[in-house]
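I have placed the structure first, in the form of structure tokens, so that the comments after it can refer back to it.
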């Protein structure tokens with residue numbers, strides 16, 4: 001009896017998969033490329049499975065178009081993630097050389113997955129919504145539709161009484177930023193606890209409005225930045241339309257219906273190896289009251305967790321110079337409320353690094369829980 005030699009293969013035909021095969025004739029040195037977003041030149045996210053790996057041998061994967069990616073300076077200091085079971089992810093040796101990103105796995109099993117960051121699947125999203133409804137006590141307040149007809153769920157925890165503060169948290173406008181939905185899982189997981197005095201204090205004064213995934217089409221197709229129409233949703237908040245950006249239009253309509261007292265837009269940043277926030281200091285309607293609220297949020301969160309800092313972040317906007325197409329600026333201006341973009345790294349949080357995982361889904365979840373502690377501390381000052 002002869003045993004067929006296992007053949008080497010690369011596949012990405014699954015949820016959030018993204019890779020192009022250039023040359024895999026040498027399994028120890030596969031040559032690959034990242035596929036751009038549909039209807040957009042953006043690319044950076046990758047996610048693929050390698051089968052037929054040679055156990056105990058080093059495989060060096062090469063992404064030959066990395067230097068042309070949307071954030072090509074972000075590859076420096078970056079390490080790819082790998083997993084043998086698509087559940088437990090770890091960082092692997094990675095280098096950016098000339099045009100290419102190279103990463104290495106000394107295979108312990110015959111197959112492994114590789115990705116830009118620990119992926120959050122649509123299947124897990126469906127499970128998360130179920131958890132939110134059955135264990136966390138949220139209601140499905142409304143359901144929008146993406147361009148391709150996927151559900152965009154708006155969850156509410158609370159009564160909807162007029163006196164309640166309205167806390168909005170949305171995530172994954174940029175579909176490659178999977179840490180954003182991991183963050184939302186942490187928020188929802190904390191809502192499942194009924195013996196949490198800090199949480200109960202928050203919920204006595206506030207209702208939470210949660211959109212765990214704003215861009216399900218882009219996430220499913222393995223996009224970095226855009227929806228199925230090639231639209232960057234976080235540049236559509238002055239021009240949202242049913243045809244091109246129904247995801248944003250849906251949330252805007254719901255905000256008008258219920259009101260907003262605090263808005264948090266959860267993202268991931270490719271370049272900066274720190275967790276940080278960006279505020280509305282460039283808005284025409286920016287006031288000392290909003291500045292004070294921003295300072296309260298940042299100071300409290302910094303003292304709550306080692307996984308947040310205030311030294312590093314984006315360059316601050318000059319007064320009146322904000323890009324009003326961004327969700328944070330548009331919502332902050334319209335509702336005269338505390339409005340922040342929260343950014344987590346694709347790399348690591350260098351103030352508190354984890355060599356094995358870098359920044360991860362688990363750490364994103366914990367940050368979601370910690371942010372609720374900070375919001376609870378300031379909820380009565382929001383109006």
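The values are calculated or read from the model by the stated rules, or taken from the named source; none is laboratory data. It should be emphasised that the depicted structure is a prediction, and the values quoted were computed from it without experimental measurement. Backbone-built Cβ (ideal geometry, glycine too); neighbour counts: all protein chains shown.
See the values below:
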quantity	calculated
Hits in segment 191-234 - residues which are more than 24 Å from residue 115 (Cβ to Cβ) and under 16 Å from the mean Cα position of the chain (by Cα)	210
Residue match in segment 71-81 (condition: over 18 Å from residue 270 (Cα atoms) and surrounded by fewer than 15 Cβ atoms within 10 Å (Cβ to Cβ))	no
Single residue of segment 194-221 satisfying the filter (in a loop (DSSP other than H, G, I, E, B) and either assigned by TED's automatic domain parsing to the domain that holds residue 46 or without any contact (Cβ under 8 Å) to a residue 40 or more places away in the chain (or both)) that is surrounded by the fewest Cβ atoms within 10 Å (Cβ to Cβ)	195
Number of the exception - residue 339 against (1) buried (at least 23 other Cβ atoms within 10 Å of the Cβ); (2) in contact with a helix residue (DSSP H, G or I) (Cβ under 9 Å, 6 or more places away or on another chain); (3) at positive phi	(3)
Options 266, 251, 244: the member that is assigned by TED's automatic domain parsing to the domain that holds residue 182 and in contact with a helix residue (DSSP H, G or I) (Cβ under 6 Å, 6 or more places away or on another chain)	266
All positions within segment 143-190 that are more than 19 Å from the chain's Cα centre (by Cα) and either buried (at least 24 other Cβ atoms within 10 Å of the Cβ) or closer than 23 Å to residue 224 by Cα (or both)	144, 145, 147, 148, 149
Residue in segment 260-268 that is over 21 Å from residue 376 (Cβ atoms) and touching a residue at least 60 places away in the same chain (Cβ under 8 Å) present	yes
Counted residues, segment 93-122 - those being out of contact with any helix residue (DSSP H, G or I) (no Cβ under 7 Å at 6 or more places or on another chain), farther than 27 Å from residue 171 by Cα and either modelled with pLDDT of 95 or more or in the same structural domain as residue 223 (by TED's automatic domain parsing) (or both)	14
Conditions (1) within 15 Å of residue 132 (Cα to Cα); (2) at pLDDT 95 or above; number of the one not met by residue 194	(2)
Residue that is farthest from the chain's Cα centre (by Cα) [pool: residues in segment 287-331 that are in a loop (DSSP other than H, G, I, E, B) and over 30 Å from residue 231 (Cβ atoms)]	287
Residues within segment 238-259 that are in a loop (DSSP other than H, G, I, E, B) and under 16 Å from residue 382 (Cβ atoms), tallied	1
Filtered residues of segment 59-83 (kept if in contact (Cβ under 8 Å) with a residue 40 or more places away in the chain, part of a loop (DSSP other than H, G, I, E, B) and more than 14 Å from residue 43 (Cα to Cα))	77, 78, 79
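Condition check ((1) in a strand (DSSP E or B); (2) crowded, with 16+ Cβ neighbours inside 10 Å; (3) touching a helix residue (DSSP H, G or I) at 6+ places or on another chain (Cβ under 9 Å)) across all residues:
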residue: 21; (1), (2), (3): yes, no, no
residue: 40; (1), (2), (3): no, yes, no
residue: 43; (1), (2), (3): no, yes, yes
residue: 85; (1), (2), (3): no, no, no
residue: 88; (1), (2), (3): no, no, no
